[in-house]
Amino acid sequence: MIITEHLVFIHTSRIAGTFLNKLILEHVPLISNSETISHVGRQAKHLPSGDIVEVNNKRIHAVKNDGEQDRIHFIFDCYNMDNYGKPG
């Protein structure tokens, strides 16, 4: 959750040689507003409620909520089973 007028600072979820490099991050916006902008790499866009959006968490990413409504996303990781058991 990102409350109104707050920021998730620029970061990456990549840690060399770990399972995190094999995960795919999925976002399902439950509550959002048009003033909440997600940045992934050089792309910036609003993720509307009800969509399912794959986010490349290995790239630099951040979120800014300038709206008057909190942003709440259901976020989950997907694991590529083709990589199961292989070293990071």
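The values are calculated or read from the model by the stated rules, or taken from the named source; none is laboratory data. Every value quoted in this text rests on a predicted model; they were computed, and no experiment measured them. Because the Cβ atoms are built from the backbone with ideal geometry, glycine has one as well, and the counts that use them run over all protein chains shown.
Numerical summary
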item	result
Failed item in (1) touching a Pro at 6+ places or on another chain (Cβ under 7 Å); (2) small (Gly, Ala, Ser); (3) modelled with pLDDT under 75, with residue 49 passing the rest	(3)
Only listed residue being modelled with pLDDT under 90 and surrounded by 15 or more Cβ atoms within 10 Å (Cβ to Cβ), chosen from 65, 80, 56, 33	56
Selection status of residue 14, modelled with pLDDT of 75 or more and farther than 11 Å from residue 75 by Cβ	no
